[in-house]
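Each remark here refers to the structure printed beneath this line.
All of the numbers you see were taken from the coordinates with simple rules; none came from a lab. In this text the structure is predicted, and so the values were computed from the model without any measurement. Note that we place each Cβ from the backbone using ideal geometry, even for glycine, and neighbour counts take in every protein chain shown.
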């Protein structure tokens, strides 16, 4: 009897979780019992504490200093101009902690320090240690720039980190759970998740969404540029999602955060241009691809918000990882409680012996 095949595990339920629920038909994301919209004003530490508590772990993350061996590695690979995501993967792999709870705290606390330190090394600047009086979001911006950040910028970063902290059983989260299910250590599980996130089909699209806005440059050009792209069969980056059949709820949260941040501490012209591009894109997508439900996704406003925070495009996906590592560690903790190896089957389609 032939076993049925679900390519990409589409529709397969592989885990029960208390961490997040994604309802693509209704456009709803629930994280630890709260709608994502409710988490927008929380601190990142509060959100991580919520996730860990949902799986029975009582802990709160703090920014952690860069271990000396990780710093040595980063200095070496900075001379070779290794991409930031590769540097994060390599440096994370040097961390060591056998206790699961301690590993979770270490990973969430160290990721911002690794990314910021490496970015400064790439620009021939010395790394900056985190400050005990700053939270993770503020410390990340501080360690990147060397200047204590404006409160509105910190609020924007907090909102971003909270919004993307967990999102069901996506590719990187599933990777982390599979590795944790083998009994391997959490560092190995998280390094695997970073590798999955690095893939362009999972974590690599926010930059191109911003590139499209910059290419258009003026709101009056949006219609011509977007019509040309659609006519040429190009995908409009920042629109459409594999799961959401309506507007991605994270897009609304980040749009509101971007409006607040740009109004109080940024260039409103860019924000207004992005809104004009979004409105034109949605109208043209409905005109040319009726019924496809290609709505704004999280990538569009991720790009705008992170740019407004002063981050360059190569930092976009690593910054996503700084948030999502909290979700990954929570899933690893949850998988440990399940205590069962994840072992799906495959369907053999090769030659058979005579």
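Brief remarks follow.
- Residues 188, 20 in ascending order of nearby Cβ atoms (within 10 Å, fewest first): 188, 20.
- Segment residue 234-residue 13, extension gain: residue separation times 0.36 nm, minus the distance between their alpha carbons: 76.3 nm
- Binned Cα-Cα distance frequencies in the chain - 10 Å width, integer %: 5, 24, 33, 24, 11, 2, 0, 0
- Here is the P(r) of the stretch 157-238: all C-alpha pair distances, binned every 5 Å from 0, give 3, 12, 15, 16, 14, 11, 11, 8, 5, 3, 1, 0 in whole percents.
- Relative to the current alpha-carbon distance between residue 81 and residue 23, full extension at 0.36 nm per residue lengthens the span by 16.8 nm.
- Ordering 215, 278 from the fewest to the most neighbouring beta carbons within 10 Å gives 215, 278.
- Panel order for 42, 119, by other beta carbons found within 10 Å of each beta carbon, from fewest to most: 42, 119.
- 10 Å-binned pair-distance histogram of the stretch 7-55 (Cα, whole percent): 23, 46, 25, 6
- A straight chain from residue 34 to residue 242 at 0.36 nm per residue would run longer than the Cα-Cα distance by 72.6 nm.
- FRET E, pair residue 221, residue 312, Förster distance 22 Å, beta-carbon r, rounded to 0.05: 0.35
- Kirkwood Rh in Å, taken over the stretch 206-308 so that all alpha-carbon pairs contribute: 13.6 Å
- Over the residues of the chain, the helix contribution to mean residue ellipticity at 222 nm works out to -17500 deg cm²/dmol, using -39500 (n - 2.57) for each DSSP H run of at least 4.
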